[in-house]
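The values are calculated or read from the model by the stated rules, or taken from the named source; none is laboratory data. Being a predicted model, the structure only gives us computed values, none of them experimental. Every residue, glycine as well, gets a Cβ built from its backbone with ideal geometry; the counts of neighbours run over all protein chains shown.
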Amino acid sequence: MIERGQVKHDSQNIYYRSTIGAAEAGSTLELGITLKTKEDIRQVLLRVWREGQGEKLYPLATSDDMDAEEKFYKGRIQLPETGCLIWYYFIIATVTGTKFYGNNPEQLGGVGELYDQAPPSYQITVYDAGAKTPDWAKHAVMYQIFPDRFCRVGDKLIEKRGAVFHASWQDDPCYYKDPDTKEIVAYDFFGGNLRGIESKLPYLKDLGINTIYLNPVFESESNHHYDTGDYLKIDPILGTNDDFRHLVETAKQMGIRIILDGVFSHTGSNSRYFNRMGQYDTVGAYQSKSSPYYEWYNFRNFPNDYESWWNFDTLPDVKEDDAFLYGFHHPQTGQRAPSLARRGHQRLASRRHRRTACGIFAGVLQGAQGNEPRSADDRRGLGGCVAQGRVWPAARIPLRS
C-alpha cells in the first residue's frame with residue numbers, strides 16, 4: 001500500500017500548480033502530483049468541484065516510464081467564466097486499495113497529506129476576468145492596527161455593557177466564560193481608541209507606512225468588533241464618528257490611506273439587525289419574521305437555528321446578495337436596490353453622510369475547511385470578491401450622525 005512520504009502535491013509550488021494563489025476566470029490551470037512507489041498504479045484522478053455546480057473527475061496522465069519508481073501525474077482544468085471558489089483533491093487507486101491526497105490538517109495549503117478517506121480540500125480562488133486592483137495598493141507599505149490594543153489618548157472611562165477594563169497596558173489579555181454554557185459573557189478592553197491612532201500617525205509616517213489597515217471599528221459587543229452591532233456607528237469605546245472623520249482627514253493630509261475591515265459577510269447576534277438580546281430599539285430578524293431585516297439571514301428553523309460564521313451563533317451569516325449588502329458595497333454610486341430604502345438604510349446613498357476612507361476590506365478569509373465549502377454560492381464575497389476580500393478605491397463610509 002502506498003504510504004505517506006511517497007506522494008506529494010504542493011499548491012504553493014508552480015511545479016505542481018501552474019498558478020499560485022488566485023487565478024483568472026476562464027483561464028487554464030495545470031495541477032500535478034508526484035508518486036514515488038514501485039506499486040502498480042491503476043489510476044490517478046483529480047476531483048474538482050464548485051458548490052452547487054456539481055463535480056468533475058479528471059484522469060491524470062504521466063509521461064514518465066511506467067517502470068520508473070518516481071512518476072509525475074498531471075492534468076489541466078478549465079476554470080469557470082466567473083469568479084468563484086473551486087475545490088480539489090487527488091484520488092490514487094493502486095492494486096492494494098485507494099488513497100486520497102488533500103490539504104494538510106492545518107488547511108494552510110502547500111504540501112498536503114495522504115488520507116484513507118476523503119481529505120480536506122485545496123482551494124482555488126477564481127477572480128473575474130479583467131479585475132483590477134488599485135494601483136496604489138500594489139506597492140503599499142501597510143500597517144495593521146487592532147484599535148483597542150494600539151494606543152489610548154485620554155482617560156475617560158466609556159460605559160459599555162459587559163466590558164472589563166484593564167488598568168495597565170502590561171496586563172495579560174483575558175475573557176470570561178459562563179461556566180455552564182461556556183459562552184463568553186464579558187470581553188476585556190485596554191482602551192485603545194481612534195484618537196490614539198491619530199496621535200501615532202507621525203510615528204507611522206516615519207516608519208515609511210503609507211497605508212493603515214484597521215480591524216473593525218463599528219459598534220459591537222466584543223473587543224475584536226467582528227460581531228457588528230451597527231454599521232453606521234463607530235463603537236463609542238473607540239471614539240465618535242467625528243473622531244473617525246478627523247483621523248481619515250489627518251491621515252490623508254500626511255499621505256496615509258486607511259482601509260476598514262467592513263465585515264459584511266455576517267453581523268453580530270446582538271445587533272440592530274438581528275437583535276437576539278433585545279438591546280436595540282429595532283425589531284430584529286431574531287425577534288420577528290416581519291422584521292425588515294428578516295430576509296438578510298438564513299433561518300433553518302426560526303428563530304434559534306440559523307446559518308452562522310463557522311457555526312458561532314453570535315455571528316449570524318447574512319445573504320450576501322441582499323440589497324443591504326448592495327448598499328454597503330456601492331454607496332459611492334448613489335444607486336440602491338429597490339428594497340434598500342424600506343429597510344431603513346436610506347442614508348447609504350446620501351452624499352452628505354459619506355466620509356471617505358481609501359477602501360473597504362469587505363471579505364473574510366474563507367480557507368479550505370473540511371471536504372466541502374459550507375455555505376451557498378461558493379462563499380463568494382460581495383460583488384465577486386472571493387476568499388480574502390476586495391479593496392475598493394475611494395470607498396465611502398456612511399455613518400450615523
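Taking residue 82, is it in contact (Cβ under 8 Å) with a residue 60 or more places away in the chain and over 24 Å from residue 12 (Cβ atoms)? Walk me through how you get there before you give the answer.
On the way: in contact (Cβ under 8 Å) with a residue 60 or more places away in the chain: yes; over 24 Å from residue 12 (Cβ atoms): yes.
Yes: the conditions hold for residue 82.
Return the residue satisfying two criteria in turn: it lies in the stretch 178-223 and is part of a loop (DSSP other than H, G, I, E, B) and touching a His at 6+ places or on another chain (Cβ under 8 Å), and of such residues it is nearest to residue 153 (Cα to Cα).
Within the stretch 178-223, the first condition is being part of a loop (DSSP other than H, G, I, E, B), and the residues that meet it are 178-183, 190-193, 200, 207-210, 215-217, 221-223.
Narrowing the set further to residues that are touching a His at 6+ places or on another chain (Cβ under 8 Å) leaves 190-191, 215-217.
Numbers: 190: 12, 191: 9, 215: 18, 216: 19, 217: 16 Å.
Residue satisfying both the conditions and the ranking: 191.
Out of the residues in the stretch 220-261 that are under 14 Å from residue 196 (Cα atoms) and among the polar types (S, T, N, Q), which is surrounded by the most Cβ atoms within 10 Å (Cβ to Cβ)?
Out of the qualifying residues, it is 240.
Are any residues in the stretch 269-317 farther than 16 Å from residue 222 by Cβ, acidic (Asp, Glu) and in contact (Cβ under 8 Å) with a residue 12 or more places away in the chain, and if so, which ones?
295, 307, 317
Is the stretch 25-35 home to any residue that is under 13 Å from residue 102 (Cα atoms), hydrophobic (A, V, I, L, M, F, W, C) and touching a residue at least 12 places away in the same chain (Cβ under 8 Å)?
Among the residues of the stretch 25-35, at least one is under 13 Å from residue 102 (Cα atoms), hydrophobic (A, V, I, L, M, F, W, C) and touching a residue at least 12 places away in the same chain (Cβ under 8 Å), which makes the answer yes.
Could you tell me whether the stretch 133-152 includes any residue that is surrounded by fewer than 12 Cβ atoms within 10 Å (Cβ to Cβ), among the basic types (Lys, Arg) and under 30 Å from residue 24 (Cβ atoms)?
yes
I need the full set of residues from the stretch 266-290 which are surrounded by fewer than 22 Cβ atoms within 10 Å (Cβ to Cβ) and either under 19 Å from residue 300 (Cβ atoms) or not charged (D, E, K, R) (or both), in order please. Don't jump to the end; show me each part of the working.
Just the residues of the stretch 266-290 that are surrounded by fewer than 22 Cβ atoms within 10 Å (Cβ to Cβ), to begin with: 276-283, 287-290.
276, 277, 278, 279, 280, 282, 283, 287, 288, 289, 290 - these are the residues of the stretch 266-290 that are surrounded by fewer than 22 Cβ atoms within 10 Å (Cβ to Cβ) and either under 19 Å from residue 300 (Cβ atoms) or not charged (D, E, K, R) (or both).
Scan the stretch 189-219 for residues that are buried (at least 21 other Cβ atoms within 10 Å of the Cβ), under 18 Å from the mean Cα position of the chain (by Cα) and not hydrophobic (A, V, I, L, M, F, W, C) and jot them down.
216
Output the residues belonging to the stretch 2-44 that are surrounded by 15 or more Cβ atoms within 10 Å (Cβ to Cβ), within 23 Å of residue 81 (Cβ to Cβ) and acidic (Asp, Glu).
Correct list: 24 only.
Aromatic (Phe, Trp, Tyr), in contact with a Ser or Thr (Cβ under 6 Å, 6 or more places away or on another chain) and touching a residue at least 12 places away in the same chain (Cβ under 8 Å): which single residue out of 143, 122 fits that description?
Numbers: 143 fails: in contact with a Ser or Thr (Cβ under 6 Å, 6 or more places away or on another chain).
Matching residue, one of 143, 122: 122.
Look at residue 56 and say whether it is basic (Lys, Arg) and closer than 22 Å to residue 85 by Cβ.
Working: basic (Lys, Arg): yes; closer than 22 Å to residue 85 by Cβ: yes.
Answer is yes for this residue.
Looking only at residues that are part of a strand (DSSP E or B) and of a type outside the set (Ser, Thr, Tyr) in the stretch 109-127, which one is surrounded by the most Cβ atoms within 10 Å (Cβ to Cβ)? Talk me through it step by step, then tell me what you get.
Of all residues in the stretch 109-127, those part of a strand (DSSP E or B) come to 111, 113-115, 122-127.
Now restrict to residues that are of a type outside the set (Ser, Thr, Tyr): 111, 113-114, 123-124, 126.
Numbers: 111: 14, 113: 16, 114: 18, 123: 24, 124: 25, 126: 27.
This residue is 126.
Condition first: basic (Lys, Arg) and over 23 Å from the mean Cα position of the chain (by Cα). Now tell me which residues in the stretch 88-133 satisfy that. Break it down stepwise before answering.
So in the stretch 88-133, the residues basic (Lys, Arg) come out as 99, 132.
Residue satisfying the conditions is 99 alone.
Taking residue 162, is it under 27 Å from the mean Cα position of the chain (by Cα), modelled with pLDDT under 90, surrounded by fewer than 17 Cβ atoms within 10 Å (Cβ to Cβ) and farther than 21 Å from residue 267 by Cβ?
Taking the combined requirement at face value, the residue does not satisfy it.
Is it the case that the stretch 291-305 has a residue that's in contact with a helix residue (DSSP H, G or I) (Cβ under 8 Å, 6 or more places away or on another chain), surrounded by 17 or more Cβ atoms within 10 Å (Cβ to Cβ) and among the small types (Gly, Ala, Ser)?
Checked the stretch 291-305: no residue is in contact with a helix residue (DSSP H, G or I) (Cβ under 8 Å, 6 or more places away or on another chain), surrounded by 17 or more Cβ atoms within 10 Å (Cβ to Cβ) and among the small types (Gly, Ala, Ser).
Please tell me if residue 85 is within 25 Å of residue 126 (Cα to Cα) and either buried (at least 19 other Cβ atoms within 10 Å of the Cβ) or under 28 Å from the mean Cα position of the chain (by Cα) (or both).
On the way: within 25 Å of residue 126 (Cα to Cα): yes; either buried (at least 19 other Cβ atoms within 10 Å of the Cβ) or under 28 Å from the mean Cα position of the chain (by Cα) (or both): yes.
Yes, satisfied.
Consider residue 262 carefully, then state whether it is under 16 Å from residue 229 (Cα atoms) and at pLDDT below 95. Spell out how you get there, then give the answer.
Numbers: under 16 Å from residue 229 (Cα atoms): yes; at pLDDT below 95: yes.
The answer is yes for residue 262.
Which of the residues spanning the stretch 82-108 are touching a Ser or Thr at 6+ places or on another chain (Cβ under 9 Å), in a loop (DSSP other than H, G, I, E, B) and modelled with pLDDT under 95?
Going residue by residue through the stretch 82-108, those that are touching a Ser or Thr at 6+ places or on another chain (Cβ under 9 Å) are 83-89, 91-92, 94, 102-103, 107.
With the extra rule that they be in a loop (DSSP other than H, G, I, E, B), the set shrinks to 83, 103, 107.
Residues satisfying the conditions are 83, 107.
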